[in-house]
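This report refers to the structure that appears directly beneath it.
The values are calculated or read from the model by the stated rules, or taken from the named source; none is laboratory data. In this text, all values refer to a predicted model and were calculated from it rather than measured experimentally. Note that each Cβ is placed from the backbone with ideal geometry, even for glycine, and that neighbours are counted across all protein chains shown.
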């Protein structure tokens, strides 16, 4: 904090100076309320003295009366536009308001009038970083709020079209996959976890919905090769009996002890670092896909990265669920 100063102001009478000096004493002692009251008395006697407004702005800033502090800083500047202290005060107040870009502009003007000030230079350096951080924090928040998996999966549309031909055959599958992924990402953003589940795209006309739910919990599937095999057999039968058109598995990396997909060698070697995250495996009769969605902590928030396509032959989380069919397209 720059100290309260005498500065360049009007020359009031001795009583006026003593009010200001008394205010300064209280300010140094940390009694900002009393200091502000004394500066106010002094201003009544000498209303055109910029130093008094500057000092009262500093007192108001310490009292977190930021709007009042800003008004006094503006008055300081209007009374003496060449005095760097007014701009410095304004910068400190705008910084407290978290208006970093405006604060930076005020400090830069202050530096023009006093280029030697290391304090102002430090402020400018710190605020430049804060402004950058604030901008990135906003970007991170936007990414967390506006999850758009359709954009990330755009290239999959042409692959589905190639396999399934007519759009009505695959657009429900694409929407189903996008919705499942987005729900998982939102869950991860909120809780840093997803429940291991398989989601099924049920047939609206054929599925007996009282017998087959669109979601199956698979949290025990990865406890051993035995539970994994049983779970897979159950899911394959479920997909067939429920007349599902597609299925989508979501499972956090942390629970997968079997199969240890990232400990293998060669094509099975895990190339995606130590990042936490989760798998999404898409199953349909003509197309199978696997992604890993890694997450990191940025600006104090959990942020999911774009889905990374994995080789399903090397890293499948569960074997093929649907009997393979030949492509519809010629």
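Has the range 125-143 got any residue that is under 30 Å from residue 288 (Cβ atoms), at pLDDT below 90 and within 17 Å of the chain's Cα centre (by Cα)?
Yes, the range 125-143 has at least one match.
Go through (1) in a helix (DSSP H, G or I); (2) within 25 Å of residue 163 (Cβ to Cβ) for residue 249 and report which single condition fails.
Going through (1) in a helix (DSSP H, G or I); (2) within 25 Å of residue 163 (Cβ to Cβ) one by one, residue 249 breaks only (1).
Looking at 200, 176, which one is farther than 18 Å from residue 296 by Cα, more than 17 Å from the chain's Cα centre (by Cα) and in a helix (DSSP H, G or I)?
176
Testing residue 72 on (1) modelled with pLDDT of 95 or more; (2) within 26 Å of the chain's Cα centre (by Cα), one condition comes back false. Which one is that?
(2)
If we only count strands (runs of 3 or more DSSP E) wholly inside the range 288-330, which ones have 1 or more residues that are more than 15 Å from residue 270 (Cβ to Cβ) and at pLDDT 85 or above? Even if it seems obvious, please write down each step before you answer.
Details: elements: 288-298, 301-304, 308-310.
Qualifying strands (runs of 3 or more DSSP E): 288-298, 301-304.
Of all the helices (runs of 4 or more DSSP H) wholly in the range 28-144, which have at least 1 residues that are in contact with a helix residue (DSSP H, G or I) (Cβ under 6 Å, 6 or more places away or on another chain), within 30 Å of residue 305 (Cα to Cα) and not assigned by TED's automatic domain parsing to the domain that holds residue 299?
Per the criteria, 100-113.
Please go through the range 50-89 and pick out each residue that is more than 22 Å from residue 119 (Cα to Cα) and buried (at least 24 other Cβ atoms within 10 Å of the Cβ).
None - no residue of the range 50-89 is more than 22 Å from residue 119 (Cα to Cα) and buried (at least 24 other Cβ atoms within 10 Å of the Cβ), so the list stays empty.
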